[in-house]
Amino acid sequence: MRQATIQVGIWLTLLVTAGAQAYALATWEQPNRGLISASFLIALSSALLVSRLPTDRIICSRWREPFFLAWSAADIALIAVITAADGGTHSPYAFLFVLPFIFGALSYPPGVTVIVGVLDIAAFAVVAVMGGGGPLHDGFVAFALLCAALLSSWEAHNQVVIRRALTETADALQESEETSRLASRQQEEVARFGQLALASATIEELLEVAAQTLERVLDVDIAAVLKLIPDEEELLVAAAAGLPEEMVGKARIPGGLESQSGYTLATGTPVIVSDWSTEDRFGQSEMLGSRGMVSGVTVMIRAKGQPYGVLGAQSSVRREFTGQDVSFLEATANIIANAVERRAEEDKTRYLALHDPLTGLPNRNLFLDRLGHALAQSRRRKTSVAVLFLDLDQFKLVNDSLGHVAGDELLAAIAPRLEQALRPGDTVARFGGDEFSVLAEDIHGERDAIKLAERIWTALARPFVLRRREHYVSASIGIAIGSGNEPPDTLLRDADSALYRAKDKGRGGYEIFDEVMRARVIEHVRTENDLRRALERGEFELHFQPVVSLADGSIIALEALLRWRHPERGLLGPAAFIPVAEESHLILPIGRWVIEQACRQAAAWQSLQPDGRPVGISINLSPRQIADPELARLVGGTLEASCIDPRTVTLELTESIVLEDGAHSERTLETLKRQGVRLALDDFGIGFSSLGYLRRLPLDAIKLDRSFIENVAHGSDDAAIVRTVVELAAALGIEVIAEGVETAGQLEMLRGLGCGFAQGFYFTRPVPSEQVREMLAAPPWLRTEPAVDGDGAAGDRWIERIAR
C-alpha cells in the first residue's frame, strides 16, 4: 500500500505540475511567471528524484514516516511559494493546499497526518499574511482547510483500523496455514507409522520409531514410550529419544499418582503440564528435573482395554501443547496399542499352532522342528540324539469306563510328570490321543536312552487320582537313536516302529530300533508303495472258500478272500499286505473293490440257478472300513448295482472293530442291518467280551475260531465250550460256523455237538472264481462215490461217510 501511494504521489505531482505550468503559460503577462515556472521544474525534478529512490527499502525501514513527512513538507512549501508568487490566497493555486491532506489521509498514520495538516494550515496562514484575499475569503479557505484536516485525520484513523484488521486477518491466515501444514505433516507421520506397524517391524522397533517421530514432529527435547510393569506398579522406559541410551530398558518411573505418567494411567485421560514450576497435581521426576524440562504432555496406551503404558513428550522451554498435539500423540498411541494387540494375537495363534491345547506341550510340528535343529547340532558336535515314542497302555479303558473328560484329565496330569522326568534341555510333545514323544539331545548311546525310559516309568508309577479314585498307568516306549544324518521324519518313524514292537511283547516295555526293524520298515515302505500301484494295475484277485452245511454237505455260501498277484513276489495272502493297507488307509479303496467284485461275482453265480437256493457271499470288513462314514452308502449302492438279494450277503467283522469305537461301530452295523445284509462275528471266542457281543450286536452268525477246532475231542474243554456256544447261539437264533476244519474227526465231532456249518481245508482250499462254478455244480466232497440212489442219496452217503 505504501509503495502504491508513492506511485500515486509521483503521478499526482507530474499531473499538478503539468496543469499548473499550462496555467502559467496562459497568464504569462502576469508577474512572477518565471519564478512559478522554475518552481514547477523543481517539483518535476523532485518527482523524478523520488521515483529513482529505493522506496521499497525506505518504506520497510524506520525512516519511512520521516520520508513521507519530508516529502509532504516539501510539497506544502512548493504550493505556498507558487501561491504567494501568483498574488496570494486569491490565486487558484490556493486550492492545491487541500492535496497534502488527501495524500496524508491515504498514506500516513493519524499522528503524521496531523503534523501535515498543521504545516499545511500554517503555510496557508503565512501566504494569507503576505498577500491575502481579505479576512472573509481567507477565513473561509482556512475553515475549509481545517475541515479537510479533520476529515483527513479521521480517514487516517480508519486506515489504521483497516490495516490492523488486515494484519490480524493475515496473522490468523498464516497461523491457520501453519496449523494446517502441521496437521498435514502429523497425519503423514501417523500414516507412515501405521504402515510400519502393519509391516514386519517388531514391537521394540515400533516403539523406537514412535519416540523419534514425536521428538521430530513436535520439536520437543524428550519423547518416550513408558511400559507398565503391573506387578511392580512402575513404568519402564521402553524407548526414548533425547535420553541416554543406557537409560532405555533400565530407567523406571513410579506408576502412582505422584508422577505425570502414573496420573495419566489413573485418570485414563491426556495430561498437559504447561509449567512444571506451577504444577501441583504431582511432582516432576528426577529424570526430567535434572534435564530442565519445563512443559510436558502424556497420553495412555491402551491395549485390549488394559493399560499398556504411556506415550509422552517434554520440552525445555515453556510451551502450550495444543489439542492437535494431543490428537497426534493419541493417534500414535492407538497405533502402538493395535500393534501390541495384533502381535499378542499372532503370538497366541503361533503358540496354538505349535502346542497341544490340552496339555500345553509342543505338538508334532514343533517337535519335528526342534528335532531337526537337534540333529543338525548333533552332526556338528559328533553326539547322538534319542527319540522316545510313548503310548499309554490300555488308555481306552479309562475313556470307556470313566468317560473322555476323565481321559483328558489323565493326559493333562501325565504331561507335568513327563516334564519332571526329563533333563532341562529335553523336549516332550503330545502327538494326539495317548501318544507322547520325547527328544533327548547330547546322549552317549543306548544306555542314556534306557535310563531316560526308566525315569519316565518311575514318574508314571505313582497313582493318578481320577474321580476320587486312584488309577495306575504304564507306558510302552519305542526308542530310536540318531547321529545327525537322519531326516527327522525317519527317526520319528523308527521310534514308532520300535513302539509297535514293544507293544507286541506286552505292556510297560521298551524296544530300541535296530537293523532288523529297519529292514522290516524298509519292507513296509516298499509294500505300501507297491500297494498304491496294485489297484491301478489290476493285481488284486479274489479267491473263494465254501461254507458247507453239515446237514447235507451243500455249499450255502462262499467267503471272498483277497489275494495279491505281485509281479515279483508271486501270489500273496492277506497276511503279507493287509496290515500295511490298514496302517496306510489303502484298505478303504481296496475294500471298496472287494465289496463290488464279490457282489458282482455272487450275482453271476446266483443267475446260474435261478430256481435253486441262492448261494451266499461273505465279505470281511476291517476296522477302518467300519469307521468310514461312506460304508453304508457303498454297500447300498453295490447291492443296487449288482441286483443281488441283500439277504445273501454276509459282512464279517471282528471284535477289534467294535473295540475301536463301540458307539460308532454299533450305529454303522444297525444301518447295514436295515439294508438287509447279514452280519457275522469272525474269530469268535478269542476276545474277552465275545459273549457280550451276542446280545449287543445285530448278529446273524458267529464263526468259531480255529483254535477251538484244532483240539476238539470227546470230553475236552474245547468241546464243552463249543457245545455251550452252539446252545447259546441257538437260543438267540444265531447260526454257528466252525472255521479251520481239516479232518473228518473234527467234522464228525462238530456235527455231534450240534454245529450247523463248517469251513476249512477238509473241503477245499480257497480257489479262483473260475473253479467255483464247477464246485457249485458238484462239490468234490460229495463226488467221492457215484450217486446211484434217487434224490437225497448224495446227502445220505455224506452223512454215512461222516459217521464211518
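Read through the list (1) open to solvent by less than 30 Å² (accessible area, probe 1.4 Å); (2) more than 23 Å from ALA331 (Cβ to Cβ); (3) within 35 Å of the chain's Cα centre (by Cα); (4) at pLDDT 90 or above, then give the number of the only condition that GLY255 fails.
(4)
Taking THR458 as meeting all but one of (1) at pLDDT 90 or above; (2) open to solvent by 10 Å² or more (accessible area, probe 1.4 Å); (3) over 23 Å from ALA415 (Cα atoms); (4) in a helix (DSSP H, G or I), write down the number of the exception.
Tallying (1) at pLDDT 90 or above; (2) open to solvent by 10 Å² or more (accessible area, probe 1.4 Å); (3) over 23 Å from ALA415 (Cα atoms); (4) in a helix (DSSP H, G or I), THR458 fails exactly one: (3).
Are there any pairs with C-beta distances below 9 angstrom linking a residue in the stretch 393-421 that is open to solvent by 40 Å² or more (accessible area, probe 1.4 Å) to a residue that is among the basic types (Lys, Arg) and not in a helix (DSSP H, G or I), with the two at least 6 apart or on different chains, and if so which?
Qualifying pairs under 9 Å: GLN394/ARG507; LEU402/ARG467; LEU402/ARG469; GLU409/ARG467.
Residue check, ALA239 against (1) of a type in the set (A, V, I, L, M); (2) in contact (Cβ under 8 Å) with a residue 40 or more places away in the chain; (3) in contact with a helix residue (DSSP H, G or I) (Cβ under 6 Å, 6 or more places away or on another chain), all met but one. Which one?
Only one criterion in (1) of a type in the set (A, V, I, L, M); (2) in contact (Cβ under 8 Å) with a residue 40 or more places away in the chain; (3) in contact with a helix residue (DSSP H, G or I) (Cβ under 6 Å, 6 or more places away or on another chain) is unmet by ALA239, namely (2).
Residue-wise test of (1) of a type in the set (Asp, Glu); (2) more than 22 Å from the chain's Cα centre (by Cα); (3) open to solvent by 30 Å² or more (accessible area, probe 1.4 Å); (4) over 18 Å from GLY255 (Cβ atoms).
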residue	(1), (2), (3), (4)
VAL299	no, yes, no, no
ALA303	no, no, no, no
GLN314	no, yes, no, no
ARG318	no, yes, yes, yes
PHE321	no, yes, no, yes
GLN324	no, yes, yes, yes
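Taking the stretch 469-486 on its own, how many of its residues are open to solvent by 50 Å² or more (accessible area, probe 1.4 Å) and more than 19 Å from GLY445 (Cα to Cα)?
3
Please specify each residue of the stretch 62-81 satisfying the condition of being open to solvent by 40 Å² or more (accessible area, probe 1.4 Å) and of a type in the set (Val, Ile, Thr).
VAL81
From the list LEU491, LEU561, which residue is touching a residue at least 12 places away in the same chain (Cβ under 8 Å), in contact with a His (Cβ under 8 Å, 6 or more places away or on another chain), open to solvent by less than 60 Å² (accessible area, probe 1.4 Å) and of a type in the set (A, V, I, L, M, F, W, C)?
The conditions single out LEU561.
List pairs: first residue in the stretch 160-177 and within 18 Å of ALA105 (Cα to Cα), second residue open to solvent by 90 Å² or more (accessible area, probe 1.4 Å) anywhere in the structure, Cβ distance under 9 angstrom, at least six positions apart or on different chains.
ARG163/MET1
Residues of the stretch 246-291 being part of a loop (DSSP other than H, G, I, E, B) and closer than 19 Å to LEU214 by Cα, which ones?
VAL248, GLY249, THR269, PRO270, SER274, ARG291
Considering only the stretch 338-350, I want to know if a residue exists there that is open to solvent by 70 Å² or more (accessible area, probe 1.4 Å) and polar (S, T, N, Q).
Yes; the residues of the stretch 338-350 include at least one that is open to solvent by 70 Å² or more (accessible area, probe 1.4 Å) and polar (S, T, N, Q).
Based on this model, can you work out whether ALA602 counts as of a type outside the set (Phe, Trp, Tyr) and open to solvent by 60 Å² or more (accessible area, probe 1.4 Å)?
no
Given the stretch 715-804, what helices (runs of 4 or more DSSP H) lie entirely inside it while holding 2 or more residues that are modelled with pLDDT of 85 or more and either closer than 18 Å to ALA557 by Cβ or open to solvent by 50 Å² or more (accessible area, probe 1.4 Å) (or both)? Reasoning before the result, please.
Details: elements: 717-732, 744-752, 769-777, 793-803.
Helices (runs of 4 or more DSSP H) meeting the threshold: 717-732, 744-752, 769-777.
Restricting attention to strands (runs of 3 or more DSSP E) lying wholly within the stretch 615-686, give those where 3 or more residues are within 25 Å of ILE721 (Cβ to Cβ) and open to solvent by less than 20 Å² (accessible area, probe 1.4 Å). Talk me through it step by step, then tell me what you get.
Working: elements: 616-620, 649-653, 678-684.
Fully inside the stretch 615-686 and qualifying: 649-653, 678-684.
The values are calculated or read from the model by the stated rules, or taken from the named source; none is laboratory data. Treat the numbers as computed from the prediction; the structure is a model and nothing was measured. Cβ coordinates were reconstructed from backbone atoms using ideal geometry, including for glycine residues, and neighbour counts include every protein chain displayed. Only protein heavy atoms, including side chains, enter the accessible area calculation; ligands, DNA and RNA are left aside. Shrake-Rupley method; radii C 1.70, N 1.55, O 1.52, S 1.80 Å.
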